[in-house]
Amino acid sequence: MNYDIEFTDVADMEIQNILIWIMGRSPDYADRWQECLEISINSLTIMPGRCPLAPENNEFDVEVRQLLYGVYRILFMLADADDDGESDTVRILHVRHGAQQHLRRAE
């Protein structure tokens, strides 16, 4: 089964902020970083359950998993896109630097 990928507005904003930060230091690397991020995220279309639960998983009512990409953590959940009760969408919730504190429910 192939999963669709969708991004929350927050995740989109976080990715843009990371790109701006990297561009300010190395414009050439920013393009490569974005390209490889897309490859990593697109890998979630197949078997996203292979990724471990995120440390913040217990803070939420849904299962939150993480995919590591360099020093960043891609936090995501499996979401129902249809009424069949099966998850067929990977919703990217956050893209955060690994040194950032773990999320709390309020975030």
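The values are calculated or read from the model by the stated rules, or taken from the named source; none is laboratory data. Computed from a prediction, not measured in an experiment: that's the story for all the values here. For neighbour counting, all protein chains shown are included, and Cβ atoms are generated from backbone atoms with ideal geometry for every residue, glycine included.
Just the residues that are in a helix (DSSP H, G or I), in contact (Cβ under 8 Å) with a residue 12 or more places away in the chain and farther than 17 Å from residue 87 by Cα, please, taken from the stretch 42-75. I'd like the intermediate steps shown before the answer.
Step one: list which residues in the stretch 42-75 are in a helix (DSSP H, G or I), which gives 42-45, 48-50, 55-59.
Then drop every residue that is not in contact (Cβ under 8 Å) with a residue 12 or more places away in the chain, which leaves 42-45, 48-49, 55-56, 59.
Passing the criteria: 55, 56, 59.
Which members of the stretch 69-107 meet the condition of being at pLDDT 90 or above and closer than 19 Å to residue 4 by Cα?
Across the stretch 69-107, the qualifying residues are 74, 75, 76, 77, 78, 89, 90, 91, 92, 93, 94, 95.
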